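K.L.:
One structure coming up, written as structure tokens, with questions to follow.
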Amino acid sequence: MTDAPPLLARVQMPEKGVFAVRCPNSGFAKGRAVVVNLGYGPDLGMVLGLENYDPTVHGPSVPGYQLVRAKTDDDAAAEEANARRCETWKEEFLVLAREKADDIRILHMRLSLGRQRLFVWYATSVKRCDLTALARDFGQRRNVQVFVRQLGPRDEVCLVGGLGPCGRPCCCATWQTRYPTGLTPDRIKDCASAQVNGICGRYKCCLAFEG
């Protein structure tokens, strides 16, 4: 008799990454807030579903990341404390970052549950505004690993949201999980819409469904 394949949970992280992690039992329904270990320490995520390990889908090795437990009241309190700390750090980080770009905007800053990692997503009109050295120095003074990522106009709208030219919430910020491909000037000419650019300045995502 062969052993049953390990149970895995697909977990959505706040930075929109989805990970397959080992799950101790089947008692974690979709939408359950949980604590996971992704290698840098404990952090919070949300269960998207459960599935059995399949090497053709998940790779030849069982994922090493683990679902630790359901989110508790203590975890919620720690999350709130981390958010307050980030509000203070955000102002300090902005002062330093604006030496690189005057119009820099911090769109997302989050401290992991165990306070080992700080995520900073930013936007600016300066292309390839590298804040790696700044992040390293900032993290060393606070004993935290800082991950920085510059977002483009489309990613910024996806993260913060907004209303499109049609008057409805932007597709990328509500339901669309990936950007359309194959939008060329010739393809746009065949579309019925006279307004081809969204509020990000790029071609509207919905044009992929026209024509």
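K.L.:
Which ones in region 55-87 are part of a loop (DSSP other than H, G, I, E, B), out of contact with any strand residue (DSSP E or B) (no Cβ under 7 Å at 6 or more places or on another chain) and under 18 Å from Gly41 (Cα atoms)?
P.N.:
Once the filter is applied, which keeps residues that are part of a loop (DSSP other than H, G, I, E, B), out of contact with any strand residue (DSSP E or B) (no Cβ under 7 Å at 6 or more places or on another chain) and under 18 Å from Gly41 (Cα atoms), region 55-87 yields Gly64, Thr72.
K.L.:
So, one more: Could you tell me whether Glu51 is at negative phi, in contact with a helix residue (DSSP H, G or I) (Cβ under 9 Å, 6 or more places away or on another chain) and part of a strand (DSSP E or B)?
P.N.:
Yes.
K.L.:
Which residues, taken from region 10-23, are more than 24 Å from Ala77 (Cβ to Cβ) and assigned to a loop (DSSP other than H, G, I, E, B)?
P.N.:
Lys16, Gly17, Cys23
K.L.:
Now a separate question. Got at least one residue in region 118-127 being under 17 Å from the mean Cα position of the chain (by Cα), more than 23 Å from Gly41 (Cβ to Cβ) and surrounded by 15 or more Cβ atoms within 10 Å (Cβ to Cβ)?
P.N.:
Checked region 118-127: at least one residue is under 17 Å from the mean Cα position of the chain (by Cα), more than 23 Å from Gly41 (Cβ to Cβ) and surrounded by 15 or more Cβ atoms within 10 Å (Cβ to Cβ).
K.L.:
Looking at this structure, is Val47 surrounded by 13 or more Cβ atoms within 10 Å (Cβ to Cβ), in contact (Cβ under 8 Å) with a residue 40 or more places away in the chain and β-branched (Val, Ile, Thr)?
P.N.:
Against the criterion (surrounded by 13 or more Cβ atoms within 10 Å (Cβ to Cβ), in contact (Cβ under 8 Å) with a residue 40 or more places away in the chain and β-branched (Val, Ile, Thr)), Val47 does not qualify.
K.L.:
Something else: Conditions: (1) in a loop (DSSP other than H, G, I, E, B); (2) at pLDDT below 95; (3) of a type outside the set (Gly, Ala, Ser); (4) at negative phi. Phe28 meets all but one. Number of the miss?
P.N.:
Here Phe28 clears every test but (2).
K.L.:
Next up: Among the residues of region 88-113, what is the count of those that are of a type outside the set (Val, Ile, Thr) and in a helix (DSSP H, G or I)?
P.N.:
Initially, region 88-113 is screened for residues of a type outside the set (Val, Ile, Thr), giving 89-94, 96-103, 105, 107-113.
Then keep just the ones that are in a helix (DSSP H, G or I); that gives 89-94, 96-97.
Total meeting the criteria: 8.
K.L.:
Here is a further query. Which residue is nearest to Met13 (Cα to Cα), if the candidates are limited to region 128-139 and must be of a type in the set (A, V, I, L, M) and surrounded by 17 or more Cβ atoms within 10 Å (Cβ to Cβ)?
P.N.:
Ala135
The values are calculated or read from the model by the stated rules, or taken from the named source; none is laboratory data. Since the structure is predicted, the reported quantities are computational estimates derived from the model, not experimental observations. FYI the Cβ positions are ideal-geometry reconstructions off the backbone, even for glycines, and counts take in every protein chain you see.
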